[in-house]
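Scroll down for the structure; my scribbles are underneath it.
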Amino acid sequence: MQTPKPPAPVVIGQTASPALPRPAPARSWATGNARFSTIERPDLVAMVEAQIQDAILAGHLRPGERIVEADLARRMDISRAPVREAARRLESMGLLISRPRHGFAVRTISSREVDDLYQVRIDLELLGATLACQQATDAQLARLLPMVDHMAAQATRLAQSERVALDLGFHCYISEISGNGYLHRLFDNMQAEVRLFLSLSEASYEDPVYLAETHRPIAQALAARDAQTVRGALRYHLEVAQQHARACVEQAGLSQPPAAASPPPPRALADADAPARAGDTGNPSPWKPIR
């Protein structure tokens, strides 16, 4: 039997022994199999879209008013590209329209469009409520009355846009618990326009608490799984809302775009974003820089 040879000694100051691990060769970007981690950053277009949508629903941008990309980009301290892409998204949602050689503008609303939307909305929501009576769980139906309680309790404390969001959330929830995913997607696709019409008509109700309470018969009928009663209560609720929206459009003349006006000079635009000075009045600018 041969005696095994002892390992070669390692002498300090000399090159490392071959028995020691050797560093892996460096890989180039071109040929290597490099791994990259995801860098999280905010969705810039979505942030612009949210600001423009809020400005429309709050009445800062009126029907027919132009969306000046360069102006908004300057106010938000961003490039024009995300403003343009956000405008395209809002056009697909029905809040903006595109005019050849004039860019985007807030859509105008006619009485016919109010009637068209509510005709579809009423039939869709009646079907959703009927299905909810049949397919929703007891726990799902039990959430509706607390939603109405919350709307009524907060009605005088919340801003109009927040009340509208709660109102729309109630109706959206009914479509969600209908058990029909396709119906819920259809209603979800209508939300931007429904919210626009609700924003127009919500202020016509003198008592916001009363408006919140008009949802209670719907919630009670759903909790009892009484499809016939819920259909009657929901139809009445939506037809009254349609009448209010139609009246607001006709009284405000929103079916016609406002008269064309020359854009303000650059100094006036800058002043609109400047901090309020002593004696100034008016609403603050809805635009915020995006970081």
Exercise for the section: For Val120 paired with Ala153, estimate the spin-label separation in nm (one decimal), with each label point 7 Å from Cα along the Cα-to-Cβ line. Expected result: 3.6
Exercise for the section: Give me the accessible area per residue for segment 111-254, probe 1.4 Å, as a whole number in Å². Expected result: 48
Exercise for the section: Give the ranking of Arg112, Arg225 by solvent-accessible surface, highest area first, calculated with a 1.4 Å probe. Expected result: Arg112, Arg225
Practice task
Under 18 Å from a label point 7 Å along Cα→Cβ of Glu162: give me every residue in segment 50-68 with its amide N that close.
Solution key: 54-55, 57-59
Completion exercise
Charge tally for neighbours of Asp149 with beta carbon under 12 Å away, counting Lys, Arg as +1 and Asp, Glu as -1, is +1
Fill in the blank from the handout: Amide H neighbours of Leu96 at under 5 Å, excluding residues fewer than 5 places away on the same chain, with H built from the backbone geometry, are Glu91, Arg107
Fill in the blank from the handout: Dividing the mean separation of Cα pairs under 8 Å (6+ apart) by the residue count of segment 44-106 yields a relative contact order in percent of 43
Exercise for the section: State in Å² the accessible area per residue of segment 44-106; use a 1.4 Å probe, count heavy atoms of protein chains only, and round to the nearest integer. Expected result: 47
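The values are calculated or read from the model by the stated rules, or taken from the named source; none is laboratory data. On a predicted model such as this, the values are computed, not experimentally measured, just so you know. Note that each Cβ is placed from the backbone with ideal geometry, even for glycine, and that neighbours are counted across all protein chains shown. We work out accessible area using only protein heavy atoms, side chains counted, and drop any ligands, DNA or RNA first. Shrake-Rupley method; radii C 1.70, N 1.55, O 1.52, S 1.80 Å.
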